[in-house]
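A short worksheet on the structure shown next.
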Amino acid sequence: MELYNEKVIEHYSNPRNVGKIENASGVGEVGNPICGDIMKMYLKIENNMIVDVKFKTFGCGAAIASSSVSTEMVKGKTIEEALTLTNKDVIKELGGLPPVKLHCSVLAEEAIKEAIADYYRKEGKLSEEEILKKCGLTNQEKCSHCADVKEE
Ligand code: FES
């Protein structure tokens, strides 16, 4: 069965940056309404830079691989750079995901955005509206993209 490419399988088998950061600058937790899977992302931010990132994913292989690769993509980046990361970038970096698994990559994008939003909330400099706007989130649904994806 060739559902997943080698890179996805490699990240699933040896996920990078698994775990938790104590006293994280920001923590984002998102759930996928389609399957119920959950991803939690921890960021350590210093001088506007993501200096460390860890994740815990209770989910499918594609979600774990997406989390793993996305942590590599945002580590060492500024907050602004990390906020531009989309699930499409994650899919591209993984070399593709099976069509029925594309929605899994959304968790990674949303978890990072939620973690940054949490950081801004802790900082206390921006209003909730400004935070949601800056992070590209809505206050109705945390995982707005997922809600648009219909089950096959
Ligand atoms: Fe739930 Fe992949 S099936 S995130």
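A few remarks follow.
- Selection of the range 69-86 for residues being farther than 15 Å from His11 by Cβ, within 12 Å of the chain's Cα centre (by Cα) and not β-branched (Val, Ile, Thr) yields Ala82, Leu83, Leu85.
- Strands (runs of 3 or more DSSP E) contained in the range 13-73 and holding at least 2 residues free of Cβ contacts under 8 Å to residues at least 12 places away in the same chain: none
- Scanning the range 62-86 for residues that are within 11 Å of the ligand (Cβ to nearest atom) and either surrounded by fewer than 18 Cβ atoms within 10 Å (Cβ to Cβ) or not hydroxyl-bearing (Ser, Thr, Tyr) (or both) yields Ala62, Ala63, Ile64, Ala65.
- Hey, Ala82 touching a Phe, Trp or Tyr at 6+ places or on another chain (Cβ under 9 Å) and in contact (Cβ under 8 Å) with a residue 24 or more places away in the chain or not: no
- Candidates Glu110, Glu114, filtered to the one that is crowded, with 22+ Cβ neighbours inside 10 Å and within 13 Å of the ligand (Cβ to nearest atom): Glu110
- Any chance Lys54 is farther than 21 Å from Glu10 by Cβ and open to solvent by 30 Å² or more (accessible area, probe 1.4 Å): no
The values are calculated or read from the model by the stated rules, or taken from the named source; none is laboratory data. Source: prediction; values computed, not measured. Cβ: placed from backbone, ideal geometry, glycine included. Neighbour counts: every protein chain shown. To get the accessible areas, we keep the full protein, side chains included, count just its heavy atoms, and leave off ligands, DNA and RNA. Shrake-Rupley method; radii C 1.70, N 1.55, O 1.52, S 1.80 Å.
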